[in-house]
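**Student:** Pasting a structure here, questions to come.
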Amino acid sequence: MKENTSQAYIEAVQFYIQTKIKEGKEDYYLSPSPKRIKELSKRVYKGSNVRLDQKIISTFFGLEESRSIDRQFDSFDLSKLKPVQNFILGKTKRPGIVIVDLVAVLYEFPIRPLQQFLNQEREGIESFVLCIQERDMEVLKNLESMSQLQKLRDNREGNDQANVSTYIKLHWLVVCSLVIIFFY
């Protein structure tokens, strides 16, 4: 059995975020600008009950508990988020693990951070990737492109929109259920 590596983690996170981008539910998935990444990081940091996720965000942004969190986020230099944006868009081949962990938190990658990924059994990781790939194939069979989905949303009435939305939600629920089964 092969061991999990940091490179495998990077590839798994990259693959996972590409599926999120394909789903296109949120603007920060479709066009992750540094400003949107900062806003999402702030929202996740303030809204998360997961201490490890908060620690990952805090480490990247250099947050100090003794200072106002809002002010620290607001004054953060957006140019420092360019490598994060490049990783999300697939423009970088060797991102730092801090960047990958941040993206894993923001995109809700289920096997985060790196240390947890490294401790997972290899079969579980491979099953997770296969599950995501199968879900992608199923979506691609039913929808030739995201523009076709947009046409469905634009051209049909409320019931059809609810059906497409329910269809996508059900697929995501199945994927999440399978992930939970594989890893627990």
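The values are calculated or read from the model by the stated rules, or taken from the named source; none is laboratory data. Owing to the predicted nature of the structure, the values given are computational and were not obtained by experimental measurement. Here the Cβ is made from the backbone with ideal geometry for all residues, glycine too, and neighbour counts use every protein chain on show. Accessible surface areas use protein heavy atoms only, side chains included; no ligands, DNA or RNA. Shrake-Rupley method; radii C 1.70, N 1.55, O 1.52, S 1.80 Å.
**Student:** Just checking, how many residues over the stretch 84-97 are assigned to a loop (DSSP other than H, G, I, E, B) and either closer than 14 Å to R36 by Cα or open to solvent by 40 Å² or more (accessible area, probe 1.4 Å) (or both)?
**Tutor:** Result for the stretch 84-97: 5.
**Student:** Give V100, V139 a once-over and let me know the one that is part of a helix (DSSP H, G or I) and modelled with pLDDT of 85 or more.
**Tutor:** Just one listed residue meets the conditions, V100.
**Student:** Checking L40 against (1) closer than 25 Å to N119 by Cα; (2) of a type in the set (A, V, I, L, M); (3) touching a residue at least 40 places away in the same chain (Cβ under 8 Å), which test does it fail?
**Tutor:** (1)
**Student:** Given the options Y16, Y45, name the one that is surrounded by 13 or more Cβ atoms within 10 Å (Cβ to Cβ) and within 14 Å of the chain's Cα centre (by Cα).
**Tutor:** After ruling out the rest, the residue left standing is Y16.
**Student:** For the stretch 45-78, give me each residue that is closer than 15 Å to P113 by Cβ and in a loop (DSSP other than H, G, I, E, B).
**Tutor:** S48, V50
**Student:** Hey, could you check the stretch 57-78 for residues that are among the small types (G, A, S) and open to solvent by 50 Å² or more (accessible area, probe 1.4 Å) and say which is nearest to the chain's Cα centre (by Cα)?
**Tutor:** S75
**Student:** Give just the number: which of (1) over 17 Å from S6 (Cα atoms); (2) open to solvent by less than 60 Å² (accessible area, probe 1.4 Å); (3) in a loop (DSSP other than H, G, I, E, B); (4) not polar (S, T, N, Q) does L81 not satisfy?
**Tutor:** Of the numbered conditions (1) over 17 Å from S6 (Cα atoms); (2) open to solvent by less than 60 Å² (accessible area, probe 1.4 Å); (3) in a loop (DSSP other than H, G, I, E, B); (4) not polar (S, T, N, Q), the odd one out for L81 is (3).
Residue-by-condition table, conditions (1) touching a His at 6+ places or on another chain (Cβ under 9 Å); (2) basic (K, R); (3) at pLDDT 95 or above:
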residue	(1), (2), (3)
R43	no, yes, no
K46	no, yes, no
V50	no, no, no
F61	no, no, yes
S68	no, no, no
K82	no, yes, yes
F87	no, no, no
T92	no, no, no
G96	no, no, no
